[in-house]
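Undergrad: One structure is given below, represented as structure tokens, and several questions about it will come after.
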Amino acid sequence: MNKITGLIAATFAAYHEDGTINLNIIPRIVDKMVADGLSGVFICGTNGEGPNLTVEERMAIAEAYVKAANKRILVLVHVGHSSIADCQRLAAHAEQIGADAISSVAAFYFKPTTVSNLVNSMAQIASAAPHTPFYYYHIPTLTGIAIDMLAFLEQAEKVIPNFAGLKYTASTLHEYQACLNYKGGKFDVLFGYDEMLLPALAVGAMGAIGSTYTFSASLYLQLLRYYKNGHYEEAANMQLHSVNMVRCLVKYPPIPAQRAIMKMIGFDLGPCRLPLEPLNEDDVLQLKNALDVNGFFDVVKQASEILSEEQ
């Protein structure tokens, strides 16, 4: 299986004002991701509000993304659910429509309690799409499951024939590095903390998945360019811009805050679904002011201009 390089945007769900899913905006989102130079999209995950969507809605969204992408960028479909049977339905559907990969979190209500328990659960899900690369989505801050990922790799490779690797959304860089180097780098381990991309690159990351790539791809692509060319101080400065932006975000519920930023750049994604709630007007204004004070939008624009000139 080929490893994914570059950046994958974890895109956000889009709704009409009446709360129904908005499929019409998806081609615009995909066109932006392509124009920004991203490698792909990760859909119906945390930022895509997968747990807030019905199985039928998730299938419709996956179909819209695969059609809009038209092989221009990768489409990774998150199929995680509290029901393994529903995971399998989503996985089989993703394979049927031609998704490039599937991924799943662990069950988040009745939680796996051991490595083998988790591996067996993922094996059942992956078996429904045997010809599609499968990534386990490790995000312990949300699932509450902090099982040893190196032990997971050791067992998963034995029982999941289409196992491709991990979407690793945790700050434990020592474990991340160990997973990257398991059996000489056998598996693809995509990093999931945008504000720690540079440290992840330092230990060997080649690909990453993140929500803020959706609206500030050029910042991170310029960071990658600086790092690749050995301009480490400049790369660190770009990472600091990311850190400052994230520090602005986390003063509010992060997903609604990022949805507000999407609206600031011209992509109105509509309301969230409960229990998520959109920011009120005062919070949106304060968030924008904080981002302006930090020069965030200027940095993204300048990075985009530099990348365009170098192409």
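Undergrad: For segment 106-143, which positions are open to solvent by less than 30 Å² (accessible area, probe 1.4 Å) and in contact (Cβ under 8 Å) with a residue 60 or more places away in the chain?
TA: 137, 139
Undergrad: Residues that are of a type outside the set (Gly, Ala, Ser) and open to solvent by 50 Å² or more (accessible area, probe 1.4 Å): find the helices (runs of 4 or more DSSP H) completely inside segment 168-287 holding 3 or more of those. Talk me through it step by step, then tell me what you get.
TA: On the way: elements: 173-180, 197-202, 213-228, 232-249, 254-264.
Output list reads 213-228, 232-249, 254-264.
Undergrad: Follow-up. Considering each residue of segment 123-138, count those that are part of a loop (DSSP other than H, G, I, E, B) and more than 12 Å from residue 159 (Cβ to Cβ), and give that number.
TA: 6
Undergrad: Looking only at segment 48-78, how many residues end up being within 15 Å of the chain's Cα centre (by Cα), hydrophobic (A, V, I, L, M, F, W, C) and more than 16 Å from residue 209 (Cα to Cα)?
TA: Total meeting the criteria: 1.
Undergrad: In this structure, does residue 309 turn out to be over 24 Å from residue 193 (Cβ atoms) and either open to solvent by less than 70 Å² (accessible area, probe 1.4 Å) or at pLDDT 95 or above (or both)?
TA: Working: over 24 Å from residue 193 (Cβ atoms): yes; either open to solvent by less than 70 Å² (accessible area, probe 1.4 Å) or at pLDDT 95 or above (or both): no.
No, not satisfied.
Undergrad: A further question on this structure: Based on this model, can you work out whether residue 293 counts as among the hydrophobic types (A, V, I, L, M, F, W, C), in contact (Cβ under 8 Å) with a residue 40 or more places away in the chain and closer than 29 Å to residue 201 by Cβ?
TA: Spelling it out, it is not the case that residue 293 is among the hydrophobic types (A, V, I, L, M, F, W, C), in contact (Cβ under 8 Å) with a residue 40 or more places away in the chain and closer than 29 Å to residue 201 by Cβ.
Undergrad: Among residues belonging to segment 18-47 that are assigned to a loop (DSSP other than H, G, I, E, B) and more than 18 Å from the chain's Cα centre (by Cα), point out the one that is surrounded by the most Cβ atoms within 10 Å (Cβ to Cβ).
TA: 25
Undergrad: Can you confirm whether residue 206 is in contact with a Lys or Arg (Cβ under 8 Å, 6 or more places away or on another chain) and within 25 Å of residue 45 (Cα to Cα)?
TA: The answer is yes for residue 206.
Undergrad: Considering only residues of segment 54-112 that are touching a strand residue (DSSP E or B) at 6+ places or on another chain (Cβ under 7 Å) and not aliphatic (A, V, I, L, M), which is farthest from residue 140 (Cα to Cα)?
TA: So the residue we want is 65.
Undergrad: Of the residues that make up segment 48-67, is at least one in a helix (DSSP H, G or I) and among the hydroxyl-bearing types (Ser, Thr, Tyr)? Steps first, please.
TA: If we filter segment 48-67 for residues that are in a helix (DSSP H, G or I), which is where we start, we get 50-52, 55-67.
So of that shortlist, the ones also among the hydroxyl-bearing types (Ser, Thr, Tyr) come out as 65.
Yes, segment 48-67 contains at least one residue that is in a helix (DSSP H, G or I) and among the hydroxyl-bearing types (Ser, Thr, Tyr).
The values are calculated or read from the model by the stated rules, or taken from the named source; none is laboratory data. No experiment lies behind these values; they were computed from the predicted model shown. Backbone-built Cβ (ideal geometry, glycine too); neighbour counts: all protein chains shown. We work out accessible area using only protein heavy atoms, side chains counted, and drop any ligands, DNA or RNA first. Shrake-Rupley method; radii C 1.70, N 1.55, O 1.52, S 1.80 Å.
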